[in-house]
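Participant: Dumping the structure here so I can ask a few things about it.
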Amino acid sequence: MAASETAKDSALRHAFGNVLSFFILVLIGVLAFSIRLFSVIKYESVIHEFDPYFNYRVTQFLTKNGIYDFWNWFDDRTWYPLGRVIGGTVYPGLTLTAGTLWWILNSLNIPLSVETVCVFTAPIFSSIAAWATYLLTKEVKGTGAGLTAAALLAMVPSYISRSVAGSYDNEAVAIFALIFTFYLYIKTLNTGSLFYATLNSIAYFYMVCSWGGYTFIINLIPMHVLLCIVTGRYSSRLYIAYAPLVVLGTLLASLVPVVGFNAVLTSEHFASFLVFIIIHVVALAYHIKGMLSPSMFKVAVTLVVSVGLVICCAVVAVLVALVASSPTKGWSGRSLSLLDPTYASKYIPIIASVSEHQPPTWPSYFMDINVLAFLVPAGIIACFLPLSDASSFVVLYIVTSVYFSGVMVRLMLVLAPAACIMSGIALSEAFAVFTRSIKFQLPSLSGDSQVDAGNSDSGSAATTQTEAVKADKIEESAKERPSRKNKKKEKETVEKPSVKSRIEKRLLVLPLESSVIALLLLVLLGAFYVVHCVWAAAEAYSAPSIVLTSHSHDGLHVFDDFREAYAWLSHNTEVDDKVASWWDYGYQTTAMANRTVIVDNNTWNNTHIATVGTAMSSPEKAAWEIFDSLDVKYVLVVFGGLVGYPSDDINKFLWMVRIGGGVFPHIKEPDYLRDGQYRIDSQATPTMLNCLMYKLSYYRFVETDGKAFDRVRQTEIGKKHFKLTHFEEVFTTHHWMVRIYKLKPPKNRIRGKTKKSKS
Amino acid sequence: IDLASQIVRIATTLKVENAGGDPVSEVLFAFPDHQAKNLALLVATTTEGKGKTKSSGGSLPIEAVHPEGMPPALTWYTVSLPKGLGKGESLTLDIMAVFSHLLRPFPEKITQGDIQLVVFQDSAHYLSPYEVKRQSVRVKLPEPKVESYTKLEDTKFSGSEITYGPYENLPPFSYSPIAVHFVNNKPFAVAKELVREIEISHWGNVQVTEHYTLLHDGAQSTGEFSRLDYQARPQVKGASSFSNLVAMLPPRAHSIYYRDEIGNISTSNIYGDSTKTLLEIEPRYPMFGGWRTSFTIGYGLPLHDYLFHSEGKRFLKIFFGCPMNEMVIDNLIVKVVLPEGSSDISVSVPFSVKQGQETKFSHLDMVGRPVVVLEKTNVVPEHYQHFLVHYKFNSLSLLREPLMLISGFLFLFVACIIYHHADLTISKSSASYLAKLQWDEVQASIQQVLNIINRCIATHDKVEASLRDLSRTGDVQACKAARKAADNLWKELSKDLKPLLAFLQSSPQAVQILPKVEELVAKERELQERIMSKHSTVVDCYEKKSSGRDIDNRVASIQQKITALRQEVDDLIEVIDEI
């Protein structure tokens, strides 16, 4: 009778909860997708920034020529005259994903352009990443925390900044791959299933395909395994979770051309192999311990330890010798600058010159993860109550990612999912505590007629209390059931805990008023977060950076100068002309103007970049010679002085000098600085005022307003009237943001003719 | 001769008189080869009547012919007259010839600040195989600025017009070359290729997409381009360039866009009224001589304005040429994409075009949409005329794609349902499968056991409740009745429990969990007994009318046991739950 009814009731409730959480997940997916569409609505469906243009170009090539040509693609449009082997130097995950999406859509006769697919890849994958977060957090702390974390991740500004529609970059899919790999690892750890372990290696493979950040996984998981072993949590599940991942994962990773043998050669991967050995030793030890009697085991241990130590020492010595023989100690420059934050600024100016490789400032934490920063500590505490394998992993994840994000702004992206998971746990636990407190106390205020037989089973938990409050307790639990149904997702966590924990928690009842207020405050906090995220998505992170807008008194003003220049280049120059510019604009020039560039954003050849930097910082004649030797026909500079666009070439110029000076010692940074200050006004050094970059930027600038007032530097320029002898202006965009110059033919050879010189 | 733009329009009004004996049904006329190869359009009309009211009787058929015995370097055309021209009769013929690329820029290369000069060459005398009695030439220029022009007798230059003649009684093939070298800063916009795609959707929309490849075909620009000069004095320093184009779109055009392959171009404007929609677009950069660009414009039109029914067939009536003002198109390709499933397609165009057919696959097409391809070279604005495409189409085919989607999702859901309900195990006899089945059974029975235990506990609570009632009301009978009911229930439940336990004992899968279950059952039974004894004690006490404190003392030890047992039972239930 009553009991069977409750069984039915609970099954129904279970199904209801599942359906509810399914729909919540769908809505979270929609939210994650649509919050990233601000850029399309406010601007247009266009690829953003720099790197995405390269990815877009690669995807175009892939869809046009097929996968085999893609692997063998030698790109002669860039790094002239060296070229670049794209197939072997690019992380193919993103490209292949978008290419596959495009192919599926087209074979279903849905004729979307490659560009459209590329633009919307990132929002789609952020929806999937939100679902992956749900799965991961569910494995750690249950459904409620999972849903909260997924909702938080769907709109965390840090992730939005890299995955708005049009931001077609590796990170867009890599964050999904990262979270999903972690989920599968935790899942394997919880179930000990070899099936999930295999899936885990495949997810890891996808991650390796997608992003160089895969080294984070292959270091974090061994760290966690080591932590588990040290704290005595070794189990066969741990072994199953780890060993297949290392073997299969390494094999699969070395299939990716850009990784190749690095998967076993570089130091980034050594931690995993070391832990792989350790876990086998530990597994063997546990096995032997099971077979032998305690006294025998002791003897065996001393024997093995003494022999093993000797062997280990030998192996370690060999490894160290091998590693030390390579110049960077087997670490790539970016990884090294992670371990030693001052490394890049000391040795590799190129890495240091990229703004996203700088350490973040405090406000950027608030900007990028907002209230999550305050919820994370609470989440960490919640993870220790009780500490399981899974929750210890999440704690380790957040700790390491906080460190990495402190080194490089870019890695804030890795921190964001961890912060979301932690905050999700914290919020959901807090909600659970508060709502429970309210539930226990509400009936004593209002209802007393709710006793019915159907709930006596849950009332059984209450019988351990004193006789006096017993009657009340039954009523409370009676109240508990129906109220759950109309509760939100947080209720899932309440359902899970077993009878015992319910008893424990019952002791943690807070006063009604304070829990109501706290609940309200939490909701308010969440509301702040939502408002901030929407603002960040709409205002801060949606600008495609190739189109700029400004609001003036007479409405919206659009600066479309970059595309104007690229369109001009693509239509009005010869197909084989070479265009020299600073490397920032390399990807865009190849993708939008389809012209050969000397250097681009894939900064693989420092010397080549230094050559361009040297040319830009040399006087006109020397620069002409350098460019002519590189077969350059046009020089493109970005100049913001007229409209006040701050990230122009003059502001980047010191990096050109530094990078150029790093290879060609006749370029000295102090020559360009007056008393250590970088200035372009009348106090500037003659070297500065005569260098090519200065001249190309300010050529005939004085005639615009008569004073030559630079609106970025807020000063009048130092040298106002000068002529160019070796370059001629061929195009300047509407707002002067891009200026294109052509190399004049040498005068002494062909005089008076307009024929161009081809060396 | 109208030279006001880049297009040369020669309108010739001929008054033809048959001076011979036989009726004449054709009139020959000629153009020099260098003109004829740029001829875009040739229309001849007759004007009946004496008044100025032009009741033109439609255009007359014109053919290119190669009569023998004529001087070389001439291309001949004949006009067939509507009716033979008898002796002495006369007729007025209007011949409209439109040429593109006939104006030659001279000098060919100019700098940014120069004005554009072009040369036009023709004959002051009308080139004809017939005798010309009286003839004059008027040349209309865009601006009253002329560098030079051939001065013959009777040449007048006034305003922006040059008049030659009238000349009288010229012999056949008289030729008197003239050249006009004049300023023409009109846009020399030439579309090297224009692909117009007209896609019909029977859901109510005609989508037109036009891909332009544009060239400024005037004098080549050389030397520097200085934005400064261009911005400071655009009239002087950019005179030969053009920076905007105007397209005259049909009325009610909607969803207009203007972009190129790297994204939207934001410099455009729309003005609309009920008769037309004006779209003013600016290319990304001002077009100087020799500069190229390419862009796409697209717009939607309401279907009912362009699609009509007749005799069971549908026909689309839409314009052929390009809507841009004064633009020459070297190669025009018009593609009409008909809806999937159209048949019996035929096209009628008022002038000669190259026709073709292809198939296009668009959203969710199965067999593809038929596409009519019309190609024409050398198109001028005069080609902005309507043409017809007839085809048959069944309206029911409209529903095909929605139905396809619906059934697709239906199949997906059905497949999901089937997957969830079907047992897809490959080997039904494998050990692991059997074990799984058994394990399922074990779990089910354990669940039942737990249910029963829970009901037992519920009855405990009832007994307890009855005891409380007793302490409040003192109604011993009710309490006893409650106890009896509980007893009965317990008996039933323990009966139910027996087969389940037996099953668990027999099942190998349940080995791990069995001791716990048995322990649970044992504990529960003990709990039962304790509660019984408590109950009987209390009831006894009540019957003996003992004091409350006495009862409490006697029950206290039992109560402690009960609490401990209850705790253990709860723990066990939890442990089993977890398994």
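Participant: Work out, step by step, the length gained on full extension between A:PHE195 and A:LEU556: first 0.36 nm times the residue separation, then minus their alpha carbon distance; give nm to one decimal. Walk me through the intermediate numbers first.
Facilitator: On the way: separation 361, 0.36 × 361 = 129.96 nm, distance 5.61 nm.
Gain on stretching A:PHE195 to A:LEU556: 124.4 nm.
Participant: Let me ask something else. Select from region B:436-537 those GluC sites (Glu not before Pro) which occupy a DSSP coil region and have at most 14 other Cβ atoms within 10 Å, ordered by residue number. Walk me through the numbers before you get to the answer.
Facilitator: Values: sites: B:GLU441, B:GLU464, B:GLU492, B:GLU518, B:GLU519, B:GLU524, B:GLU526, B:GLU529; in loops: none.
Counting only loop positions with at most 14 other Cβ atoms within 10 Å, none of the GluC sites (Glu not before Pro) in region B:436-537 qualifies.
Participant: Oh, and also: Can you work out the FRET efficiency for the pair B:GLU17 and B:ASP344, with r the C-beta to C-beta distance and R0 = 56 Å, to the nearest 0.05? Show your work: numbers first, answer last.
Facilitator: Values: r = 49 Å, r/R0 = 0.87.
E between B:GLU17 and B:ASP344, to the nearest 0.05, is 0.70.
Participant: Can you put A:LEU101, A:LEU284, A:LEU245 in order of accessible area, largest first, using a 1.4 Å probe?
Facilitator: Result of the area sort, largest leading: A:LEU284, A:LEU101, A:LEU245.
Participant: Can you list the residues, at least 5 places off or on another chain, whose amide H is less than 5 Å from the amide H of B:GLY290, using H built in the peptide plane?
Facilitator: Amide H neighbours of B:GLY290, under 5 Å, 5+ apart: B:HIS216, B:ASP217, B:GLY218, B:SER221.
Participant: I've got another one for you. Quick one: if you stick a label point 7 Å off each Cα along the C-beta vector at B:GLU543 and B:LEU489, how many nm between them?
Facilitator: For the pair B:GLU543/B:LEU489, the computed spacing is 2.3 nm.
Participant: Further question: For region B:117-163, state which trypsin sites (Lys or Arg not before Pro) are in a DSSP loop and have at most 11 other beta carbons lying within 10 Å of their beta carbon.
Facilitator: When the trypsin sites (Lys or Arg not before Pro) of region B:117-163 are filtered for loop state and at most 11 Cβ neighbours within 10 Å, B:LYS151 remain.
Participant: Next question, about the same structure. What does the accessible area per residue of the protein assembly as shown come to in Å², with a 1.4 Å probe and no ligands, DNA or RNA counted?
Facilitator: Numbers: 61420 Å² over 1338 residues.
On a per-residue basis, the protein assembly as shown sits at 46 Å².
Participant: From the cross-link list A:LYS141/B:LYS491; B:LYS436/B:LYS491; A:LYS439/B:LYS462; A:LYS141/B:LYS462; A:LYS578/B:LYS335; A:LYS439/B:LYS491, which pairs have alpha carbons spaced over 30 Å apart?
Facilitator: On the way: A:LYS141/B:LYS491 42 Å; B:LYS436/B:LYS491 33 Å; A:LYS439/B:LYS462 24 Å; A:LYS141/B:LYS462 36 Å; A:LYS578/B:LYS335 37 Å; A:LYS439/B:LYS491 37 Å.
Pairs exceeding 30 Å: A:LYS141/B:LYS491; B:LYS436/B:LYS491; A:LYS141/B:LYS462; A:LYS578/B:LYS335; A:LYS439/B:LYS491.
Participant: Using the Karplus equation 6.51 cos²θ - 1.76 cosθ + 1.60 (θ = phi - 60°), what ³J(HN,Hα) coupling, rounded to whole Hz, does each residue of region B:186-192 give in order, writing x for Gly and Pro?
Facilitator: Values, residue by residue: 5, x, 9, 7, 10, 8, 4 Hz.
Participant: Another question, if that's okay. What shape does the protein assembly as shown have by the C-alpha gyration tensor, where a ≥ b ≥ c are the square roots of the eigenvalues, rounded means a/c under 1.5, and otherwise prolate means a/b greater than b/c and oblate the rest? Walk me through the intermediate numbers first.
Facilitator: Working: a/c = 3.00, a/b = 1.93, b/c = 1.55.
Prolate shape, in that a/c is at least 1.5 and a/b is the bigger ratio.
Participant: Now for a separate question. Keeping all protein chains in the complex and leaving out DNA, RNA and ligands, what accessible area do you get for A:VAL281 with a 1.4 Å probe, in Å² to the nearest 10?
Facilitator: 90
Participant: Any idea of the total accessible area buried by the B-A contact, 1.4 Å probe, rounded to 100 Å²? Don't jump to the answer; show the numbers that get you there.
Facilitator: Working: alone 31040 and 34170 Å², together 61420 Å².
Separately minus together, B and A give about 3800 Å² buried.
Participant: Can you work out ³J(HN,Hα) from phi for every residue in region A:143-158, in order, using Karplus 6.51 cos²θ - 1.76 cosθ + 1.60 and θ = phi - 60°, giving whole Hz and x for Gly and Pro?
Facilitator: 5, x, 4, x, 5, 4, 4, 5, 5, 5, 5, 4, 10, 6, x, 4
Participant: A follow-up question, please. Not counting ligands, DNA or RNA, and with a 1.4 Å probe, what is B:LYS484's accessible surface area in Å² rounded to the nearest 10?
Facilitator: 140
Participant: Once you put a point 7 Å from the Cα of A:VAL318 and another 7 Å from the Cα of A:LEU654, both along the Cβ direction, what distance in nm separates them?
Facilitator: For A:VAL318 paired with A:LEU654, the spin-label model returns 5.0 nm.
Participant: Of A:TRP73, A:TRP604, which has the most accessible area with a 1.4 Å probe, and how do the rest follow in descending order?
Facilitator: Ranking A:TRP73, A:TRP604 by accessible area, largest first, yields A:TRP604, A:TRP73.
Participant: May I pose another question? Rounded to a whole number, what % of the accessible area of chain A do carbon and sulfur atoms account for, probe 1.4 Å? Don't skip to the answer; put the middle values down first.
Facilitator: Details: 21280 of 32290 Å².
Carbon and sulfur atoms account for 66 percent of the accessible area of chain A.
Participant: In this model, which of B:LYS109/B:LYS376; A:LYS652/A:LYS695; B:LYS480/B:LYS523; B:LYS186/B:LYS276 are farther than 19 Å apart at the alpha-carbon? Walk me through the intermediate numbers first.
Facilitator: Details: B:LYS109/B:LYS376 30 Å; A:LYS652/A:LYS695 15 Å; B:LYS480/B:LYS523 24 Å; B:LYS186/B:LYS276 24 Å.
Check vs 19 Å cut-off fails for B:LYS109/B:LYS376; B:LYS480/B:LYS523; B:LYS186/B:LYS276.
Participant: Also, quick follow-up: Under 8 Å for C-alpha pairs, at least 6 residues apart: give me the relative contact order for chain A, rounded to a whole percent.
Facilitator: Working: 1153 pairs, mean separation 101.2, N = 759.
In percent, rounded to a whole number, it is 13.
Participant: Considering Cα pairs under 8 angstrom that are at least six residues apart, work out the relative contact order of chain B and quote it in whole percent.
Facilitator: The value is 10 percent.
Participant: Still on this model: Determine, from the Cβ-Cβ distance of B:THR163 and B:HIS66 and an R0 of 30 Å, the FRET efficiency 1/(1 + (r/R0)^6), rounded to the nearest 0.05.
Facilitator: Numbers: r = 34 Å, r/R0 = 1.13.
Approximately 0.35, to the nearest 0.05.
Participant: Carbon-plus-sulfur fraction of the accessible area of chain B, 1.4 Å probe, in percent?
Facilitator: Details: 15750 of 29130 Å².
Heavy-atom surface of chain B belonging to carbon and sulfur, 1.4 Å probe: 54 percent.
Participant: Need one number: nm distance between label points at B:GLU529 and B:GLN357, each 7 Å from Cα along Cα→Cβ, rounded to one decimal.
Facilitator: Result for the modelled spin labels: 9.6 nm.
Participant: Related question: Can you give me the Kirkwood hydrodynamic radius for chain A, using every pair of distinct Cα atoms, in Å to one decimal? Could the numbers behind the result be given before it?
Facilitator: Numbers: mean 1/r = 0.0338 Å⁻¹.
Taking the inverse mean of 1/r over all distinct Cα pairs, chain A comes out at 29.6 Å.
Participant: Once the Cβ-Cβ distance between B:PHE413 and A:ASN605 is put in as r, and R0 is 56 Å, what FRET efficiency do you end up with, to the nearest 0.05? Walk me through the intermediate numbers first.
Facilitator: Values: r = 55 Å, r/R0 = 0.98.
About 0.55, to the nearest 0.05.
Participant: Next question, about the same structure. Restricting attention to region B:517-576, which trypsin sites (Lys or Arg not before Pro) occupy a DSSP loop and are surrounded by at most 13 other Cβ atoms within 10 Å? Don't skip to the answer; put the middle values down first.
Facilitator: Values: sites: B:LYS523, B:ARG525, B:ARG530, B:LYS534, B:LYS544, B:LYS545, B:ARG549, B:ARG554, B:LYS561, B:ARG566; in loops: B:LYS544, B:LYS545.
Passing both the DSSP loop test and the Cβ count: B:LYS544, B:LYS545.
Participant: Please say if region B:101-254 is rounded, prolate or oblate, where rounded means a/c under 1.5 for a ≥ b ≥ c the square roots of the C-alpha gyration tensor eigenvalues, and otherwise the choice is prolate for a/b larger than b/c and oblate otherwise? Before the final figure, lay out each step's value.
Facilitator: On the way: a/c = 2.78, a/b = 1.42, b/c = 1.96.
Because a/c hits 1.5 or more and a/b fails to exceed b/c, region B:101-254 counts as oblate.
The values are calculated or read from the model by the stated rules, or taken from the named source; none is laboratory data. Since we're looking at a predicted model, the values are computed, not measured. FYI the Cβ positions are ideal-geometry reconstructions off the backbone, even for glycines, and counts take in every protein chain you see. Accessible surface is based on the protein model in full, side chains and every heavy atom, while ligands, DNA and RNA are left aside. Shrake-Rupley method; radii C 1.70, N 1.55, O 1.52, S 1.80 Å.
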